[in-house]
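What follows is a single structure, written as structure tokens, with notes after it.
The values are calculated or read from the model by the stated rules, or taken from the named source; none is laboratory data. What you see is a predicted model; the values in this text were computed from it and never measured. Positions of Cβ are backbone-derived with ideal geometry, glycine not excepted, and every protein chain shown enters the neighbour counts.
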Amino acid sequence: MNTPAYDSPFRIAVVGVGQITQQAFLPALRSLDDVALVAAVTGSDEKADALDDSVDVHDYSSYDRLLASGDIDAVYVATPVFRHREFAEPALEAGIHVLLEKPMATSVEDCEALIAAAERSGATLMVAYRMHQDAYMVELAERVARGDVGETRSFTSVFTHDINEDNHRGHSGFWGGPVPDFGAYPLNLVRHLFRAEPVRVHALGTRQDDRDFNFRDTVGVTLRFPDDRIAQYTLSYAAGDVDSFTLVGSRGSITSDSCYGFDPEPPRT
């Protein structure tokens, strides 16, 4: 494994330089004194030009050479989800740590292969789901745990965006659609607040006639939890930008009209 000296910066390469990398990951990386972005892998000259001159830019065909170079300690993989295993597995096999955007992969088989690769090499594999570490979410969970709303009864949420069909997410089938893209947010939020796993799920998907997605662009999900608790949420690529939730308890409720982004609105009790 390429382990740097104690007084050296931790060297990271990014694989995929799309919106989440540019908007969230790179600004966070630049705020750390002991971490250095040393390489990037992208197929876009425009995205490559936006990087600092100190970053060693590779195209996808030279990825294996980057892994073998000894110049990186970890990779952040932010490609479309159906390419996650393609880039995460060889890095793990090379003993390079991997921070992998969510969702982890497109199949149980791929997830298990990545876990096995990490176990064989001893490299760390982590899925980049940030919400449980977010100060907003920590406070919310604490309020529910201490009984601010009494016993939890129901949860509803809407998470929708108006996505351009020309975006790669707009024509990549189910795995480019809203359920894998941001369905994890309301699902993990209610699991976190209910402190339980769902026992039954029902979903209904539709396609808007005036849109050209090759999948169900709007999906409603209903979950049943132990103790007769119900959760419902709606996801869409064909609606205005909304990210809200309401948690109802036996003695009150908690609501937020902006909860899943990087600057969430304080929840209202």
_Condition check: of a type outside the set (Phe, Trp, Tyr) and either without any contact (Cβ under 8 Å) to a residue 24 or more places away in the chain or under 19 Å from Ala123 (Cα atoms) (or both). Does Ser44 satisfy that?_
no
*Kindly indicate the residue of segment 221-269 that is of a type in the set (S, T, N, Q) and outside any strand (DSSP E or B) and also surrounded by the most Cβ atoms within 10 Å (Cβ to Cβ) among those meeting that condition.*
Thr269
*Which number in (1) of a type in the set (Ser, Thr, Tyr); (2) at pLDDT 95 or above; (3) within 17 Å of Asp212 (Cα to Cα) marks the one condition that Thr152 misses?*
(3)
*Among the residues of segment 45-68, count how many are surrounded by fewer than 15 Cβ atoms within 10 Å (Cβ to Cβ) and farther than 16 Å from Gly18 by Cβ.*
8
*Residues (closer than 17 Å to Arg169 by Cβ and either in contact with a strand residue (DSSP E or B) (Cβ under 9 Å, 6 or more places away or on another chain) or in a helix (DSSP H, G or I) (or both)) located in segment 13-28*: Gly16, Val17, Gln19, Ile20, Thr21, Gln22, Gln23, Ala24
*Return a yes/no flag: does segment 84-92 have any residue that is within 29 Å of Asn167 (Cβ to Cβ), of a type in the set (Asp, Glu) and at pLDDT 95 or above.*
yes
*Limited to segment 172-220, what total is found for residues that are part of a helix (DSSP H, G or I) and within 14 Å of the chain's Cα centre (by Cα)?*
13
*Give me a count of the residues in segment 95-147 that are in contact (Cβ under 8 Å) with a residue 60 or more places away in the chain, surrounded by 19 or more Cβ atoms within 10 Å (Cβ to Cβ) and more than 30 Å from Asp263 (Cα to Cα).*
2
_As an exercise: evaluate Arg169 against (1) of a type in the set (Lys, Arg); (2) under 18 Å from the mean Cα position of the chain (by Cα); (3) under 24 Å from Met137 (Cα atoms) and give the number of the one condition it does not meet._
(3)
